[in-house]
Amino acid sequence: MGREAAKVTNVGKLLQTRGEEFLGSGYKDPISSFSNFQEFSVSNPEVYWKTVLNEMSTSFSVPPQCILRENPNGENHLSNPGGQWLPGAFVNPAKNCLSVNSKRSLDDIVIRWRDEGDSGLPVKSMTLKELRAEVWLVAYALNALGLDKGSAIAIDMPMNVNSVVIYLAIVLAGYIVVSIADSFASLEISTRLRISKAKAIFTQDLIIRGDKSIPLYSRVIDAQAPLAIVIPAKGSSFSMKLRDGDISWFDFLERVRKENEFAAVEQPVEAFTNILFSSGTTGEPKAIPWTNATPFKAAADAWCHMDIRKADIVAWPTNLGWMMGPWLVYASLLNGASIALYNGSPLGSGFAKFVQDAKVTMLGVVPSIVRTWKSTNCIDGYDWSSIRCFGSTGEASNVDEYLWLMGRALYKPVIEYCGGTEIGGGFITGSLLQAQSLAAFSTPAMGCKLFILGNDGCPIPQNVPGMGELALSPLIFGASSTLLNANHYDVYFSGMPSRNGQILRRHGDVFERTSGGYYRAHGRADDTMNLGGIKLRLSASVMRLIAMCLKQQPLVCHHLMVDLSNLQ
C-alpha cells in the first residue's frame, strides 16, 4: 500500500493526527511507525484501548474505572495472570451494535443477503431501523418465555438473517448465547447443551443446500434438547410434526406485539454473553465463555487489521457455532459496516455471484474453500473488484492458491489472521500498513505480545529467527479467564515460564519466526513430532502409542518411527 492510501486507513488516520502524541519524536508516518504503534499498544493498554473503544463509538451505561487492573483486589498476579479489564463497567454489546452514532444512521443498510438458488434475484437488504425492530421483537418474545435472566439459550442453525437477529436479541435481553454448529451430530449437540445447561434452543426444521434437504430439528430432538423454537427453512410450514412443548417461530413471535424500543439489559463487563466450544476432537470440548468485553476485542482486531469501517460490506462464510460467526457480527456492526450473508454453500458459483452483486469489500475465507474454488474454477468471470482485502483463518494457507485468489480481485492483499475462541479474536495477523508475505503473518495483533519457546522451554530472544511452541503475554484484552468444564489456570498457565514477572499463556501452536521478521504456523504442538528432521502431524492416539513404546518397547518404537518417516 502506498503512503497516501495508508493515510486513509483506520490506523493511518489515527496516526496522522496522534502519532507524535503516542510515539514521540520518533514518529515518522503510518507505514514506517506501524510496528512501533503495535509495541505501544502492548506497553500502554490504558491509552490504546481507551482510544480504540472511542474510535468504535463504544457506549457504556457505567464507564470503567480504568482499562486494566493487573492485580485486582490485591491478588497475587499469578493467581489471576490476565488481570481485570474495564473494571466496574456495565455494557451491552448488542445495544452497541444497534446504536445510532457517528458511524451510521437508521437508514443505513446493515445486512445484505441472498438464499442459495436465488442468484437471478436482487440482493436482499435490511436497514438498521429494520434490524432494530426485528431484534426488539425477538427480545420481547424471549422475555415472554419466563426464563431467568442469565439463562443460556442455544442457537443451532445456519448463519442467516434469522440467526443473527436471534443472536443479538439473546444478548440484548441479558441471556447467554450457546453456540452450536449446524453440522454437529446429536451426541455433539447433547454434550454442548449439557455443559452449558441451556434452557432453550433455536433451530430450523431442515438445512436446504441445493436440491438436498438435511435434517436438523430431528438431530436436536435426538439430543434430548430443552424447549426448541423451530424455524421453517422454506415458507411457513414444517415438513414434520413438532415435539410436544416445542414452539414454531411464528407462534413464538405471535406471543408479543411490541413495537417500542426494548430496554437493553446492561450487565457487568465480566458477565458471560456467549458460550463457545473448542473442537473437542480428542475429548470433551472446552466450554469457553465470552464476557461482555470479548466482542470489542473482535471488533478492534477488525478495525485495525482488516481496516473495517463505515460503508464496508463484510462476508465470511462461517457459522455461529464457531468463533468467526460472532466475530463477523461484532466486527461488522460495531465498526459501522454491513454483514453480507449467503444462505447456502460457499463452494459454488452462486456464492461468487453474491460476492459480486453485494459488492463485498472484505471477504474472509478458509484455505480449503480457496482450494475448491481454484480446482473447480467456479468463480471465473465474476467481478470482485469491490474487494479491498481478503481475510484468512482456520488453517495454514498455500502460497500458490492465495496468489491465485488475489488475482480474482486485482491482486488485493490477504490478511492472515490466527487466534482462538479463548482469545476472542487473533493474537497474530497481518496489516494493510505492512508488506505482506503470502501464507505468513507480519505482526502480533494489537495489544498482544508473542514469545516462541526454545528447546529449553524458555523464550528465544525477540526478533531472533527460530521455531517452537508459541506463548502469549497473559494481558490480552477480552481473552478468557475461566472455563465451564476445566480449570482455566491448569489449561493455559500451569507449567509455563515467566517473563518480566508475568507467567506466559499457553496456546499450543508451533510457530516459526523467519529471518525476514514474518511468522509461519506449523500446526499444534501436541500433535507434531520431529523424526530425523521431518516434522510429522500425528493424532493424539498415535502420540500416546509412541510414548508408550519409548518406555516399554524401544526397538518396536524405532521401527514405527522409520515406517512413519517413510510416509512423508
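The values are calculated or read from the model by the stated rules, or taken from the named source; none is laboratory data. Since the model is a prediction, treat every value here as computed from it, not as a measurement. We place every Cβ from the backbone using ideal geometry, glycine too, and count neighbours over all the protein chains shown. Just the protein is used for accessible areas: all its heavy atoms, side chains included, with ligands, DNA and RNA removed. Shrake-Rupley method; radii C 1.70, N 1.55, O 1.52, S 1.80 Å.
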Considering the range 366-388 alone, what residues qualify as being within 23 Å of the chain's Cα centre (by Cα) and of a type in the set (Val, Ile, Thr)?
-> Val366, Ile369, Val370, Thr372, Ile387
Checked Gly325, Gly350, Gly321 against criteria (more than 26 Å from Leu433 (Cβ to Cβ), in a helix (DSSP H, G or I) and open to solvent by less than 10 Å² (accessible area, probe 1.4 Å)); the one match is Gly325
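Quick check on the range 188-206. Is at least one of its residues under 22 Å from Pro317 (Cα atoms), of a type outside the set (Ser, Thr, Tyr) and open to solvent by 50 Å² or more (accessible area, probe 1.4 Å)? First the steps, then the outcome.
Here is the first cut: in the range 188-206, the ones under 22 Å from Pro317 (Cα atoms) are 188-189, 202-206.
Still in the running and of a type outside the set (Ser, Thr, Tyr): 188-189, 202, 204-206.
Those still in the list that are open to solvent by 50 Å² or more (accessible area, probe 1.4 Å) too: 188.
Within the range 188-206, one or more residues are under 22 Å from Pro317 (Cα atoms), of a type outside the set (Ser, Thr, Tyr) and open to solvent by 50 Å² or more (accessible area, probe 1.4 Å).
Residue-wise test of (1) within 17 Å of Ile170 (Cα to Cα); (2) without any contact (Cβ under 8 Å) to a residue 40 or more places away in the chain.
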residue: Arg243; (1), (2): no, yes
residue: Glu254; (1), (2): no, yes
residue: Gly283; (1), (2): no, yes
residue: Pro289; (1), (2): yes, no
residue: Asp312; (1), (2): no, no
residue: Trp316; (1), (2): no, no
residue: Gly321; (1), (2): yes, no
residue: Val329; (1), (2): yes, no
residue: Asn343; (1), (2): no, no
What are the pairs, 6+ residues apart or on separate chains, where a residue within the range 24-48 that is within 19 Å of Leu472 (Cα to Cα) has its Cβ under 6 Å from a residue that is at pLDDT 95 or above and loosely packed, with under 15 Cβ neighbours inside 10 Å?
-> none
Restricting to the range 364-385, what's the tally of residues that are closer than 22 Å to Thr429 by Cβ and open to solvent by 20 Å² or more (accessible area, probe 1.4 Å)?
-> 3
Please give the strands (runs of 3 or more DSSP E) falling wholly within the range 383-478 in which 2 or more residues are farther than 17 Å from Pro367 by Cβ.
-> 425-429, 450-452, 466-472
Working carefully through the options Ile208, Ile221, Ile275, find the one that is in contact with a helix residue (DSSP H, G or I) (Cβ under 9 Å, 6 or more places away or on another chain), in contact (Cβ under 8 Å) with a residue 60 or more places away in the chain and not small (Gly, Ala, Ser).
-> Ile275
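Quickly run through the range 173-187 and pick out the residues that are among the hydroxyl-bearing types (Ser, Thr, Tyr), in a loop (DSSP other than H, G, I, E, B) and surrounded by fewer than 24 Cβ atoms within 10 Å (Cβ to Cβ).
Of all residues in the range 173-187, those among the hydroxyl-bearing types (Ser, Thr, Tyr) come to 175, 179, 183, 186.
Checking which are in a loop (DSSP other than H, G, I, E, B) leaves us with 175, 183.
Selection gives Ser183 alone.
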What are the residue pairs meeting all of these: first residue in the range 85-108, first residue over 12 Å from Leu333 (Cβ atoms), second residue charged (D, E, K, R), Cβ atoms under 6 Å, and 6 or more apart or on different chains?
-> Pro87/Arg69; Phe90/Glu266; Asn92/Glu266; Leu106/Lys129
If you check Ser338, Ser385, which single one turns out to be in contact (Cβ under 8 Å) with a residue 40 or more places away in the chain and of a type outside the set (Asp, Glu)?
-> Ser338
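So is Thr361 surrounded by fewer than 17 Cβ atoms within 10 Å (Cβ to Cβ) and either β-branched (Val, Ile, Thr) or touching a helix residue (DSSP H, G or I) at 6+ places or on another chain (Cβ under 9 Å) (or both) or not?
In short, no.
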Can you pull out the residues in the range 328-347 that are in a loop (DSSP other than H, G, I, E, B) and either basic (Lys, Arg) or buried (at least 24 other Cβ atoms within 10 Å of the Cβ) (or both)?
-> Leu334, Asn335, Ala337
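Inside the range 459-491, can you point out the residues that are over 19 Å from Pro444 (Cα atoms), surrounded by 14 or more Cβ atoms within 10 Å (Cβ to Cβ) and not β-branched (Val, Ile, Thr)?
We begin by selecting, within the range 459-491, every residue over 19 Å from Pro444 (Cα atoms); these are 481-491.
So of that shortlist, the ones also surrounded by 14 or more Cβ atoms within 10 Å (Cβ to Cβ) come out as 481-486, 488-489, 491.
Result: Ser481, Leu483, Leu484, Asn485, Ala486, His488, Tyr489.
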Taking only the range 386-412 into account, find how many residues are open to solvent by 20 Å² or more (accessible area, probe 1.4 Å), touching a Lys or Arg at 6+ places or on another chain (Cβ under 9 Å) and not aliphatic (A, V, I, L, M).
-> 7
Residue hits (the range 208-217; of a type outside the set (Asp, Glu) and open to solvent by 10 Å² or more (accessible area, probe 1.4 Å)) are Ile208, Arg209, Gly210, Lys212, Ser213, Ile214, Pro215
Do you know which of the residues in the range 103-153 that are over 25 Å from Gly344 (Cα atoms) and touching a strand residue (DSSP E or B) at 6+ places or on another chain (Cβ under 6 Å) is most open to solvent (accessible area, probe 1.4 Å)?
-> Asp107
Look at Leu193 and say whether it is without any contact (Cβ under 8 Å) to a residue 40 or more places away in the chain and touching a Ser or Thr at 6+ places or on another chain (Cβ under 6 Å).
-> no
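Confirm whether Gly495 is in a loop (DSSP other than H, G, I, E, B), of a type outside the set (Ser, Thr, Tyr) and in contact (Cβ under 8 Å) with a residue 40 or more places away in the chain.
Details: in a loop (DSSP other than H, G, I, E, B): yes; of a type outside the set (Ser, Thr, Tyr): yes; in contact (Cβ under 8 Å) with a residue 40 or more places away in the chain: no.
It is false that Gly495 is in a loop (DSSP other than H, G, I, E, B), of a type outside the set (Ser, Thr, Tyr) and in contact (Cβ under 8 Å) with a residue 40 or more places away in the chain.
Give me the strands (runs of 3 or more DSSP E) completely within the range 208-306, filtered to those with at least 2 residues that are of a type in the set (S, T, N, Q) and either modelled with pLDDT of 90 or more or touching a strand residue (DSSP E or B) at 6+ places or on another chain (Cβ under 6 Å) (or both), ordered by residue number.
Working: elements: 212-215, 227-231, 272-277, 287-291.
Qualifying strands (runs of 3 or more DSSP E): 272-277.
Please determine whether any residue of the range 480-487 is aliphatic (A, V, I, L, M) and assigned to a strand (DSSP E or B). Please lay out each step first, then the result.
Restricting attention to the range 480-487, the residues satisfying the condition of being aliphatic (A, V, I, L, M) are 483-484, 486.
Subset that is assigned to a strand (DSSP E or B): none.
Within the range 480-487, none of the residues are aliphatic (A, V, I, L, M) and assigned to a strand (DSSP E or B).
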